[in-house]
Amino acid sequence: MHTFYLDAPSDCFLELYKRRFIQKIDRNELIDRLNECYSDVVAAELKDDMIYSELADKLLKRQISPFDVIDDVGLMQSKLQRQFQEWLKNITDDPCFSIALTLIQRPEFEEEIWSWFNGNMPEEALKERGITQVITLTPEIRV
């Protein structure tokens, strides 16, 4: 967890986000935190099965990668990603952010998602996955 002091550069929250907030976020740290949360989702899927309880414990202790476990055990990655995306949607209250946070974990989308987080138009590959417009924040929110 990081604490930030942000001074508002203009009168709208979107400018605060673009000019002050997103610039202080480290992309690798963000991905690491997302992978930890994804580990929890995968561990929850395994915890009730005695055969995989040790793997679930290792996931919760961050000793192994959730992606390696999915591959090694043969878990249904699409199902787990949907669960993770739903969990993120409940936190962010925004379907586009939950999609983006899920996709940034995949190296082939990392640059495009980071660009979108920085206020740029989504690339075609992101549009195909439901991220269709630039980040916008409610215009009624004023700082």
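Every read-out reported here was derived from the displayed coordinates using simple, explicitly stated rules and does not represent laboratory data. This one's a predicted model, so the numbers in the text were calculated from it and none came from an experiment. Cβ sites come from the backbone with ideal geometry, for glycine too, and all protein chains shown count toward neighbours.
Tell me, in nm to one decimal, what length is gained between ARG106 and ILE64 on full extension, where the rule is 0.36 nm per residue of separation less the Cα-Cα distance? Don't skip to the end; give the middle numbers.
Values: separation 42, 0.36 × 42 = 15.12 nm, distance 1.72 nm.
Difference between extended and current length: 13.4 nm.
Can you give the relative contact order of region 13-127 as a percent, counting alpha carbon pairs under 8 Å and 6+ residues apart?
On the way: 81 pairs, mean separation 24.4, N = 115.
Averaging sequence separation for qualifying contacts and normalising by length gives 21 percent for region 13-127.
What is the extension gain from GLN133 to ASN90, computed as 0.36 nm multiplied by their sequence separation minus the C-alpha to C-alpha distance, in nm to one decimal? Don't jump to the answer; show the numbers that get you there.
Details: separation 43, 0.36 × 43 = 15.48 nm, distance 2.05 nm.
That pair, GLN133 and ASN90, stretches by 13.4 nm at full extension.
Do any trypsin sites (Lys or Arg not before Pro) in region 47-110 lie in a DSSP loop with no more than 16 other beta carbon atoms within 10 Å, and if so, which? Present the calculation step by step, with values, prior to reporting the outcome.
Numbers: sites: LYS47, LYS58, LYS61, ARG62, LYS79, ARG82, LYS89; in loops: LYS47, LYS61, ARG62.
In loop regions of region 47-110 (DSSP not H, G, I, E or B), the sparsely surrounded trypsin sites (Lys or Arg not before Pro) are LYS47, LYS61, ARG62.
Work out the charge dipole of region 13-127 with +1 on the Cβ of Lys and Arg and -1 on the Cβ of Asp and Glu about the Cα centre, then indicate which of MET121, THR102, GLN77 is farthest towards its positive end.
Farthest along the dipole direction, towards plus: MET121.
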